[in-house]
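To start, the structure itself, in structure tokens.
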Amino acid sequence: MTPGTALRAILGIALLTLMDVVIKAQMQQHPFIVALFMRFAMGGICALTVVALLRPPAPTRASVIGNSLRVPVVVLTAGSFFYSIATLPLAEALTLSFLAPVFVALLGALILKERLDARILQALGFGLAGMLVMVWPRLQGGITGAELGVAAALFSAVSYAFNLILLRRIALKEHPAIIVLFQNAGPALCLVIPAAFHFVPMSGGDLAAYLLAGALGVGGHLLLTSAFARAPASRLAPIEYTALVWASLLGWIVFAEVPPLTTYAGALLIVAGAFAISRR
């Protein structure tokens, strides 16, 4: 893996984490469904601009069908994840999302009949142990918004894993800009009607913030796609965990969040499990 490829991955992770910060801040001012719609609507505009500039080949019929099937899964994944960052410290929500590689391996065995070896079971054990370490202190106080946030983060990890399995199953070979366009414009179309019922007036600053979030999301996904095209996923997996560093730093600077030590103790176990999956 070249330094340039590693830099692409690191920058892509940083941009996506910064996008999460922008959306978390906007959800404190606007209804959840509106913030979710605006993120995808502005992302769609940015992705359409990229497509217009790069002029990739038109998508095939199979590509349109495959990408369209993934749209509802993208909505569920993003919706549950953004709900989790609205109710949990950013670092805690992102750490729980690191369970996705474990769920990918598990779903691959259940859906695609891939081999479920001892390493996958070991990784699943590490991941579940890390999750329990993180959420156990919260469970002592009954079911509150934070506990629902934990549930949303876990659901997001599972649905993201299913999204990756679906992508692997349909074996799409498409230009990254086209994929990113579907991932933004499709959810925006799905959310436009429910968002319209809760829409509120927005200032120029609000629109600029959502446009920034859309640009950060598109830029981050394009950089990561470019990095994964140049290096094996197993080599890039450790870089993905730099998101915890960015989330901890930005959460502290922007929201004055200081996650408990159990968050980082659980993170060590979850990352150990996810890393084991990536090395198999």
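Some observations on this one:
- For Leu191, the test of being within 21 Å of the chain's Cα centre (by Cα), within 23 Å of Ile85 (Cβ to Cβ) and at pLDDT below 85 is failed.
- Residue within segment 3-20 that is assigned to a loop (DSSP other than H, G, I, E, B), out of contact with any Asp or Glu (no Cβ under 9 Å at 6 or more places or on another chain) and over 25 Å from Val192 (Cβ atoms) present: no
- Segment 232-260, residues that are modelled with pLDDT under 80, of a type outside the set (Val, Ile, Thr) and in a helix (DSSP H, G or I): Ala233, Ser234, Arg235, Leu236, Ala237, Pro238, Glu240
- Unmet requirement for Arg55, which otherwise passes all of (1) among the basic types (Lys, Arg); (2) on the phi > 0 side of the Ramachandran plot; (3) surrounded by 14 or more Cβ atoms within 10 Å (Cβ to Cβ): (3)
- The test for being modelled with pLDDT of 90 or more, in a helix (DSSP H, G or I) and touching a His at 6+ places or on another chain (Cβ under 7 Å) does not hold for Ile23.
- Val64 vs. criteria assigned to a helix (DSSP H, G or I), out of contact with any Leu (no Cβ under 8 Å at 6 or more places or on another chain) and more than 21 Å from Leu224 (Cβ to Cβ): yes
The values are calculated or read from the model by the stated rules, or taken from the named source; none is laboratory data. Given the structure is predicted, the values throughout are model-derived calculations rather than measurements. Reconstructed Cβ throughout: ideal geometry from the backbone, glycine too, with neighbour counts over all protein chains shown.
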